[in-house]
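Have a look at the structure below, then the notes.
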Amino acid sequence: QVQFKEVGGGLVQPGGSLTLTCLASGSIFNIYNIDWIRQPPGKQRELVARITPGGNTVYADSVKGRFTISKENTNYKVFLQMNRLQPEDTATYYCGANSTWYRNTLFDGSWGPGTQVTVSS
C-alpha cells in the first residue's frame, strides 16, 4: 500500500503564495491518480486538483488559474503550488489516492494526515 504525507502548510496573507509537497512511499505511486483535497472548517472535503499517471491535470473551478499541481515521478513527490491565496482557501489540505486497478490487481489507496493552510491578515 502506498502512503502519503503532506508538508508545507502554514499561515499566509491574502494574495500570497504557498507550495505544498506530498511525499509518497515507493514507486507504486506512479500507477495512481494523485489528488489534493481540502476540508474548510465546518465544511465537507472537496477535490482541489488531480494529476494522472500520464501527467494530465484537473482542477476545481475555484482554484483554476491560481493553483498548479505537478509531480516528480522519480522522487515520488507531488506539489501543489498555490498563488493568489484568499481567506476561503483556508482549510486542511490532504494528498492521497483512491484504490486503483492496475494490471488486474486492486491496489489500496490511502490519504495523508493533512496539513493546515490558513489565509489571513
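Just a few scattered comments:
- Centre separation in Å (Cα based) which lies between the stretch 1-71 and the stretch 83-119: 5
- Ligands, DNA and RNA left out, the 1.4 Å accessible surface of the stretch 1-108 is 46% carbon and sulfur atoms.
- The gain in end-to-end length when the Asn30 to Ser99 segment is fully stretched comes to 23.5 nm, 0.36 nm per residue minus the alpha carbon separation.
- Annotation: amide H of Ser25 within the under-5 Å range of Gln3, sequence separation 5 or more or interchain, hydrogens built in the peptide plane.
- Within straight-line reach of Lys64, meaning a Cα separation under 22 Å, sit the following lysines at least 8 residues removed in sequence or on another chain: Lys43, Lys77.
- Coarse-grained scattering of the chain at q = 0.16, 0.22, 0.23 Å⁻¹, given as base-10 log I(q)/I(0) from a Debye sum over alpha-carbon atoms: -0.70, -1.25, -1.35
The values are calculated or read from the model by the stated rules, or taken from the named source; none is laboratory data. Note that the structure is a prediction, hence the values are computed from the model and not measured. Protein only, heavy atoms only, side chains kept; ligands, DNA and RNA dropped before computing areas. Shrake-Rupley method; radii C 1.70, N 1.55, O 1.52, S 1.80 Å.
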